[in-house]
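Presented below is the structure to which this report refers.
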Amino acid sequence: MAARLCARHLPPAWLCRCKPNSSPEPPVRATGYARENQPLFFLRCRRAAQGQGRHYRAALCTELKHPLVVEEVVSRPVGPHEVRVDVHFCGINFADTLVCRGQYQEKPPLPFTPGIEFSGAVLETGTDVSTVKKGDRVIGVSNFNAMAEECITDQKTLWRIPENVSLQDAAVLPVSYGTAILALDHRARTQPGETVLVTAAAGATGLAVIDVATNVLRAKVIAAAGSDEKCKLAMQRGAQSSVNYSQGSLKEAVKKLVGSGGVNVAIDMVGGDVFLESLRSNLLLLKNISAMGLYFGRYQHQDFALFSKSMSSALQYCQQGLIHPHTGAVFKLEKINDALLHVMQRKSTGKVLLSLK
């Protein structure tokens, strides 16, 4: 059986130059990637007006297809069921790059703060909050408001971090490991000893799939990636074999590894020809094979119990030392546009994080 994750559309990239407290300057000489008629953007930092009370810094999308700006935002009161979190790390996902260009399925009204996963410490709780208390270390998911020094979210979308798990490792878990656990365990029902093929294997979710499949479910993993360097990383992270699909047919390479019977589970995060190579269309008609999709964020609204279980499981596996989250790069808030470019250009391996401290 195959669990099919959503294919991704790669938008034009941004080349960013950060100049705090300044307006855009004339473009400088572009090199490399930026020569393909890509605009140069600059980061502007603004301060909140005096006398507006407590405030914090946040990355804001004020106009689609334009660079984010870092502004000081006035804090609002928490509601009865809400929690204010002092954000330490925020995960940067491909969805963040799409939503800032108006190309994501969810379109928050402008201006908005991107970021859908974070780790930090509880600063304040609403009157009816019973799940966490001030000072608790937590991970959380939010509806595009996490790329900020503070984040307010409902108490049910927070999970306490075990003492032996760092805030950085915890920040890697929600989207990547939540997706991996739901895809492998819930959707594909992967069994010990089965063979799992994962494409985009060196990405954040790809490495999470390798980690969970190998170390939790005791499956065998074939990692498929677009370069020898990425294949090497996937092998270092637990894959039993690897295939560089930029050098030839993925289907034929996998066949050499496992024979004509194919793999038991294929997790694809690339789409297009790579997906078709992962799963020949006639197999759906001739054999007991299912193709299915997985949109992780939808579970939060349609099956919250299962969504929450995936979060708790990821934290438990990390606490037990079964999984080892991989951070590929960490950027400061002032470098948010560089971070988005890093993700859009597919330079990243593992999770890219934004550090708010």
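Among the residues making up region 112-168, those that are of a type in the set (Lys, Arg) and in contact (Cβ under 8 Å) with a residue 24 or more places away in the chain are Arg137, Lys156, Arg160. Taking first residues from region 281-302 that are more than 13 Å from His186 (Cβ to Cβ) and partners that are assigned to a helix (DSSP H, G or I) and at pLDDT 70 or above, the Cβ contacts under 6 Å between residues at least 6 apart in sequence or on separate chains come to Gln300/Phe307.
Each row is one residue, and each column tells you yes or no for (1) polar (S, T, N, Q); (2) more than 27 Å from Thr127 (Cβ to Cβ); (3) at pLDDT 95 or above.
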{"site": "Arg47", "(1), (2), (3)": "no, yes, no"}
{"site": "Arg57", "(1), (2), (3)": "no, yes, yes"}
{"site": "Leu60", "(1), (2), (3)": "no, yes, yes"}
{"site": "Arg76", "(1), (2), (3)": "no, no, yes"}
{"site": "Arg84", "(1), (2), (3)": "no, no, yes"}
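Residues in region 195-217 that are of a type outside the set (A, V, I, L, M, F, W, C), over 11 Å from Ala266 (Cβ atoms) and in contact (Cβ under 8 Å) with a residue 60 or more places away in the chain: Gly203, Thr205, Gly206, Asp211, Asn215.
Among the listed residues Gly79, Gly102, identify the single one that is at positive phi and part of a loop (DSSP other than H, G, I, E, B).
Details: Gly79 fails: at positive phi.
On inspection, the qualifying residue turns out to be Gly102.
Remark: pairs (first residue in region 220-241, on the phi > 0 side of the Ramachandran plot; second residue at pLDDT below 95 and among the aromatic types (Phe, Trp, Tyr); Cβ separation under 7 Å; 6+ apart in sequence or on different chains) are absent. In the set (1) modelled with pLDDT of 95 or more; (2) hydrophobic (A, V, I, L, M, F, W, C); (3) surrounded by 23 or more Cβ atoms within 10 Å (Cβ to Cβ), the condition left unmet by Met235 is number (3). Would region 332-351 turn up any residue that is under 30 Å from Leu217 (Cβ atoms), polar (S, T, N, Q), without any contact (Cβ under 8 Å) to a residue 24 or more places away in the chain and out of contact with any Leu (no Cβ under 8 Å at 6 or more places or on another chain)? Taking every residue of region 332-351 in turn, none turns out to be under 30 Å from Leu217 (Cβ atoms), polar (S, T, N, Q), without any contact (Cβ under 8 Å) to a residue 24 or more places away in the chain and out of contact with any Leu (no Cβ under 8 Å at 6 or more places or on another chain).
Looking at Ala219, Ala291, Ala266, which one is in contact with a strand residue (DSSP E or B) (Cβ under 7 Å, 6 or more places away or on another chain), among the hydrophobic types (A, V, I, L, M, F, W, C), modelled with pLDDT of 95 or more and surrounded by 13 or more Cβ atoms within 10 Å (Cβ to Cβ)? Lay out the reasoning, then the answer.
Values: Ala291 fails: modelled with pLDDT of 95 or more; Ala266 fails: modelled with pLDDT of 95 or more.
Testing whether each residue is in contact with a strand residue (DSSP E or B) (Cβ under 7 Å, 6 or more places away or on another chain), among the hydrophobic types (A, V, I, L, M, F, W, C), modelled with pLDDT of 95 or more and surrounded by 13 or more Cβ atoms within 10 Å (Cβ to Cβ) leaves just Ala219.
Hey, any hits in region 159-170 for a residue that's over 17 Å from the mean Cα position of the chain (by Cα), in a helix (DSSP H, G or I) and within 17 Å of Ala314 (Cβ to Cβ)? No: zero hits.
So if I check each of Glu117, Glu163, Glu150, which one is in contact with a Pro (Cβ under 8 Å, 6 or more places away or on another chain), acidic (Asp, Glu) and either at pLDDT 95 or above or surrounded by 24 or more Cβ atoms within 10 Å (Cβ to Cβ) (or both)? Steps first, answer last, please.
Values: Glu163 fails: in contact with a Pro (Cβ under 8 Å, 6 or more places away or on another chain); Glu150 fails: in contact with a Pro (Cβ under 8 Å, 6 or more places away or on another chain).
Residue meeting the stated conditions: Glu117.
If the condition is being surrounded by fewer than 17 Cβ atoms within 10 Å (Cβ to Cβ) and charged (D, E, K, R), then region 298-327 contributes Arg298, Asp303. The selection criterion, being farther than 21 Å from Phe304 by Cβ and of a type in the set (Val, Ile, Thr), holds for Val165.
The values are calculated or read from the model by the stated rules, or taken from the named source; none is laboratory data. Note that this is a predicted model, so its numbers are computed, not measured. Using ideal geometry, Cβ is built from the backbone for each residue, glycine included, and neighbour counts are taken over all protein chains shown.
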